[in-house]
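Derivation of every value follows stated rules applied to the coordinates shown; laboratory data play no part. Small disclaimer: the values here were computed from a predicted structure and weren't measured. Note that we place each Cβ from the backbone using ideal geometry, even for glycine, and neighbour counts take in every protein chain shown.
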Amino acid sequence: MSANLFSSDWYQIAELKPHLRHHVTVNAHRYRGRRWYVLEDHVTGQVRRLSPQSYLIVGLMNGERTIDRLWELSSQRLGEEMPTHEEMLQLLASLYQANLVSMDTSGDISELFERGKEAERTRWMAKLKSPLSIKIPLLDPERFLSATQKYLQPLFSMAALCVWCVMVIGMLVMVGQHWDELTSNVTDRVLAADNLLLLWFVYPVIKLLHELGHGYCVKRGGGEVHELGVMLLVLLPMPYVDASSTNAFADKKQRILVSSAGIIVELFIAAVAMFIWVNSEPGIVKSIAYNVIFIAGLSTVMVNGNPLLRFDGYYILADCVEIPNLGQRANQYWGWLTKRFMFGVSGLASPAYDRREAIWLFVYGFASYIYRMFLMVTIVLFVAQKYFFVGIVLAIWALVGTLIVPNFKLLKKAWQDSDIRSGRRSPSVMIPVTAGIVLLLLCVLPLPLTTSVEGVVQMDKQRRVLAEESCFVEQLHKPSGVTVHQGDLLVSCTNPQLRKEQLVLQQQFAEASAERQGVWNDPVQLKIYDNQLSRLRSELKENETRLASLNLYAQADGTWSLRNPADLPGRFVRRGDLIGYVITDNDISIRGMVPEADIELVRDRSEAVFALQTSDLNTRLKPQSWFVFPAATKEPVSGILTESAGGDIIMDPSSASDTPQALRRYFIVALEFEHFPSVYVDERIHLKFEHPPEAIIYRLYRLVRRTFLEYFSV
């Protein structure tokens, strides 16, 4: 109950005698074991959900009792849950504006009328302040849906469900197979001038089918649809239908089906488009199919199917957890928490009916706000990346509508709210103190700052032991990990083909030598045989060198490290394959890749640098020296650091270079160690650069700056 029981506006409506209109029906629902009531206007399709307390007040309306008498009776029956004057005013204004109650003309209804008009103005202002959705009603589709409903009955059969499942599963399989092709260079492909025209035509058609899916499901459940219009989503026209009559359905499964209908339709359309895209040649048909996949897939994941936005997924979640008005009640719960713990207001009833519901309201209120901000930033960056000026205008519009104006209203309400002013902590004290704490945390309080990147253990190429010929490994003469000296035999290999060639060459040489003896008196023949013997002698020498190279020796003193000692004997290796290393402390170095956006912080403001081995994350290894290469590059120092090997570097699938290229530019940092304990060359290493502590505001500045550098190259 609110702390302020009475209202100065009460006298204006106290003598009015309200009653429900004749075309309004009442349906009882149960949510989480509690009874709720739904008022439905069968003429306009308007629906209002009432708590048992509110319904008790409505049930007392008979056209003869005054509002003042209604308040007295409800106060007697509800006891501590009695409504305040302000709560009665809000309830009556909402019912009157929805045309669910009628008033006699003997009293002054101007207060209710003004409250209704104010609510309508508030709704229109909210539409203008939000760049994500502006609704424009157009027509009443009820007659059309009723006339065509019978033709679509087969779509609600089990056979249709089986076909849908097969199509969607097939689509998911093909998406996995063609993921790189589908996601490469998405921004340029979607926002290209020639594609935008296709997008403008395809998008409304898909969304119209989506909304018709809702409409026909409402009709199948016995409801009515009286509004079809256009919603501007990021200035793109998107049809919508008012399916609010679904709230009157007593069975939550019916409500969930209606909410899911649009997603079901879009996924089927996306599945058909996926089959067309995979099997069609480049051209207009393939482009349209790609746009359909993009629209249906992205909107389902990020918008319609996401419960954190108030579209289809939101209503599905609200019905699944049986919390009506989930978003509104989550906001009320956060307001209650603020009043109770920040301003010390006591005696206020929690909007949550039990502990589990309180958890849902707390988590949903926080998560939905964060996601709306994330989606707003994503859309702005997506548009601005291609059309910078439009993106800036959209960003300003969104910033004003979703951050500045709402927060200003919250502050204004906090100053004027009677509950807050009656609390133990005055808003004139708490608001400045809270603002000061926030500013202190953001701008003054220094927090530890580190930059973490991945590196790889590398060594001097001269210390590598490579297979000089394609061969089979015959014997390992030194086990991995032992100390070896220059000239020690490490590995013996065999190549039957080389030995066979050696025998053939030796036989050819012997035959040529014998034949030469028979022509000693013929100068011409002698010259021919001399040339042949010279060639064979050269080939024999080359083949002997190749045979000798099958034995691999240590080229220096050090620790012998084999890459795969367990499965190496008997294995075939190709020429140039790495067999192992002869390692000394001076040969080891670490190469890391620092993103271009972080290089200034790493190069100029690093106080300490540490390396952590993947095999031992608890030991910090300090380098003897380190330096940054002067030029940025897109070529990774090792495939170990790329995303395909579990690293952080995302590769560019569209690169035409002969060598693999990263999607972004990196600076190479080299660390030298006096003694490094690892003998695992190519091991992934975690590098940490410690910087002076700094406040959060400076990190936010760098984040914004990095975003502009990455997206707009400014």
Review point. Just how large is the dipole of the chain about the Cα centre, in debye to the nearest 20, putting +1 at every Lys and Arg Cβ and -1 at every Asp and Glu Cβ?
Key: 1660 debye
Point to revise | Cα-based helix-to-principal-axis angle, 427-439 vs the chain, degrees rounded to 10 | key: 10 degrees
**Study point:** Amide N proximity, segment 311-330 versus Val363 label position 7 Å along Cα-to-Cβ, cut-off under 18 Å
**Key:** 313-330
Study note, to complete from the structure: Measuring from its Cα centre, segment 461-579 shows a charge dipole (+1 at each Lys and Arg Cβ, -1 at each Asp and Glu Cβ) which, in debye to the nearest 20, is 400 debye
Study note, to complete from the structure: Asserting the computed 222 nm helical MRE of the chain (DSSP H runs at least 4 long, -39500 (n - 2.57) per run, divided by residue count, to nearest 500) equals -15000 deg cm²/dmol
Exercise for review: Rank the residues Arg34, Arg65 as a footprinting-exposure proxy: fewest other Cβ atoms within 10 Å of their Cβ go first.
Suggested key: Arg34, Arg65
**Study point:** Ranking of Met158, Met274 by count of other Cβ atoms within 10 Å, fewest first
**Key:** Met158, Met274
Revision key, fill the gap. With the charge dipole of the chain built from beta-carbon charges (+1 for Lys and Arg, -1 for Asp and Glu) about the Cα centre, the Cα from His210, Ala467, Trp10 projecting farthest to the positive end belongs to Trp10
Exercise for review: List Val258, Val594, Val168 from most exposed to least, where exposure is judged by having the fewest other Cβ atoms within 10 Å.
Suggested key: Val168, Val594, Val258
Practice item. Report the one residue of Tyr37, Leu309, Pro636 whose Cα lies farthest in the direction of the positive end of the charge dipole of the chain (charges on C-beta: Lys and Arg +1, Asp and Glu -1; origin at the Cα centre). Key: Tyr37
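So which GluC sites (Glu not before Pro) in segment 590-620 end up in coil per DSSP with only 15 or fewer other C-beta atoms within 10 Å?
Numbers: sites: Glu596, Glu600, Glu607; in loops: Glu607.
Loop-located and lightly packed - Glu607.
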Point to revise | Estimated FRET transfer efficiency (Leu533, Ala556; beta-carbon r; R0 35 Å; 0.05) | key: 0.30
Point to revise | Degrees between helix 326-337 axis and first principal axis of the chain (Cα, 0 to 90, nearest 10) | key: 80 degrees
Review point. Going by a 4.7 Å Cβ-Cβ cut-off, which cysteines of the chain have no partner at all?
Key: Cys162, Cys165, Cys217, Cys320, Cys443
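Can you tell me how much longer the chain between Val393 and Leu78 gets when fully stretched, taken as 0.36 nm per residue apart minus their C-alpha distance, in nm with one decimal? Can you show the working numbers first?
On the way: separation 315, 0.36 × 315 = 113.40 nm, distance 5.14 nm.
Value of the extension gain: 108.3 nm.
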Point to revise | Length-normalised contact order for the chain - Cα pairs under 8 Å, 6+ apart - percent | key: 11 percent
Exercise for review: Take the alpha carbon atoms of segment 690-704, find their center, do the same for segment 134-171, and report the distance between the two centers in whole angstrom.
Suggested key: 52 Å
